[in-house]
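Worksheet for the structure shown next.
The values are calculated or read from the model by the stated rules, or taken from the named source; none is laboratory data. Keep in mind that this is a model prediction, so the values were computed, not measured. Note: ideal-geometry Cβ built from the backbone for every residue, glycine included; neighbour counts use all protein chains shown. Surface accessibility is based on the protein's heavy atoms, side chains included, excluding ligands, DNA and RNA. Shrake-Rupley method; radii C 1.70, N 1.55, O 1.52, S 1.80 Å.
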Amino acid sequence: MQLNNDRLSAFIELMDKDEPDYIYELEKKAGTDDIPIIRPQTRAILRFLLALTKPLKILEVGTATGFSALYMREYGGKGLKITTIENYEKRILEARENFKKYDKSSQIELICGDAAEALPVLSEEFDWIFMDAAKGQYLKFLPDCTRLLKIGGLLISDNVMQDGDVIESRFALERRDRTIHSRMREYIYELKHSNDYETCLLSDGDGVALSVRI
Ligand SMILES: C[S@@+](CC[C@H](N)C(=O)[O-])C[C@H]1O[C@@H](n2cnc3c(N)ncnc32)[C@H](O)[C@@H]1O
């Protein structure tokens, strides 16, 4: 039987439990402002992995307005610390406000600046790295992420299917989308063939690559 992806997704999301009210409020605001936040199926994966692996230190690349950082904080343990990097001034201001309001226990630290400059100066080890910045830059950030991720840690890369574009021939895409398409394919290839990672690709949400550092 051919499965219909839209119906499957709707069913999977319908089965999910309710979230705290502020999560829905932040989601609604992000929708209104057209901020690309983690999708419901990605959230379920994060929740599951938080419960399974109980990370104490997470590095996030791409804060936007802080939705995913607050989401991981909500479902992570009390001792969880999240460091998150964002370079877009308008989003930094909103993330700061959101953290002030919803991260009362100050578990989240925001680094304001370009990840290309922030990552090389970090030296502490992380249990998880959540890669969710500009899709064309994942490959560039990978060496630093590999250096910063502890052995046995998880690198979680979001949006690796690029709304399905990644499976298309580059010639089927608009010229302006071709660079990002080839960079994402290269990134996926690297994760799948690197001696530093064991990776599985999930088509949930916008596609998630789960890589364990070996
Ligand atoms: C998909 S959004 C992040 C969504 C967020 N993780 C969430 O789910 O709530 C990607 C963010 O990465 C930021 N970004 C892109 N390239 C970046 C870079 N080189 N350094 C820091 N932030 C970057 C963008 O400004 C954008 O806000």
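Observations on the model:
- Charge dipole (region 37-144, unit charges on Cβ, about Cα centre) - positive-most of LEU142, ALA115, THR84: THR84
- With the simple spin-label model, which puts each label point 7 Å out from Cα in the Cβ direction, the ASP33 to LEU8 separation comes to 3.4 nm.
- Scanning residues 5 or more positions from TYR197 or on other chains, those with amide H under 5 Å from its amide H are ILE214, with H placed 1.01 Å from N in the peptide plane.
- Anisotropy class of region 61-100 from Cα gyration tensor, a/c 1.5 cut: prolate
- Efficiency of FRET between ARG185 and ALA116 - r from beta-carbon atoms, R0 30 angstrom, step 0.05: 0.90
- Relative contact order (%) - criterion: Cα under 8 Å, at least six apart; region: the chain: 17
- For the pair LYS192 and ASP177 in one chain, pulling the backbone fully straight at 0.36 nm per residue adds 3.1 nm over the alpha carbon distance.
- Annotation: amide H-H contacts under 5 Å for LEU173 (H modelled 1.01 Å from N, sequence separation of 5 or more, or interchain): none.
- In the full protein context, the chain carries 55 Å² of accessible surface per residue, based on a 1.4 Å probe and ignoring ligands, DNA and RNA.
- The chain - mean residue ellipticity at 222 nm from DSSP helices (-39,500 (n - 2.57) per run, n ≥ 4, rounded to 500): -13500 deg cm²/dmol
- Relative to its Kirkwood radius, the Cα radius of gyration of the chain gives an Rg/Rh of 0.95.
- Interchain or long-range residues, amide H under 5 Å from LYS81's placed H: LYS57, ILE58
- Split the accessible area of the chain by element, probe 1.4 Å, and carbon with sulfur accounts for 52%.
- Summing +1 for each Lys or Arg and -1 for each Asp or Glu among the other residues whose beta-carbon sits under 15 angstrom from that of THR32 gives -1.
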